[in-house]
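Have a look at the structure below before the remarks.
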Amino acid sequence: MQKRTSFDSAEIMHRAEDLMQAASNRYRITVQVAQRAKRRRYEEFDAIEDPLMKPPIRAIIEMSDELTQPEIIGE
């Protein structure tokens, strides 16, 4: 039985690669993704939007959006 996902794994890989290329330190960006995923996991423990999207994947998407759309950070 195959799971249906609401995201494209190739897109996630592309976004993660963009984050790694934009970062000056690969280790640091990896730790930042992990910390954001952990924080989001505990902040939204009760309000799970998409149970198929794990916190690290959501963190990668958010961070890559912030990278490509800097107006998000200003809010």
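The values are calculated or read from the model by the stated rules, or taken from the named source; none is laboratory data. Note that the coordinates shown come from a computational prediction; the quantities given were computed from them, not determined experimentally.
Taking the stretch 43-59, which residues are modelled with pLDDT of 75 or more and in a helix (DSSP H, G or I)?
Going through the stretch 43-59, the residues modelled with pLDDT of 75 or more turn out to be 53-59.
Result: 55, 56, 57, 58, 59.
Do we find a residue being modelled with pLDDT of 90 or more and assigned to a helix (DSSP H, G or I) anywhere in the stretch 4-11?
Yes, there is a match, as at least one residue in the stretch 4-11 is modelled with pLDDT of 90 or more and assigned to a helix (DSSP H, G or I).
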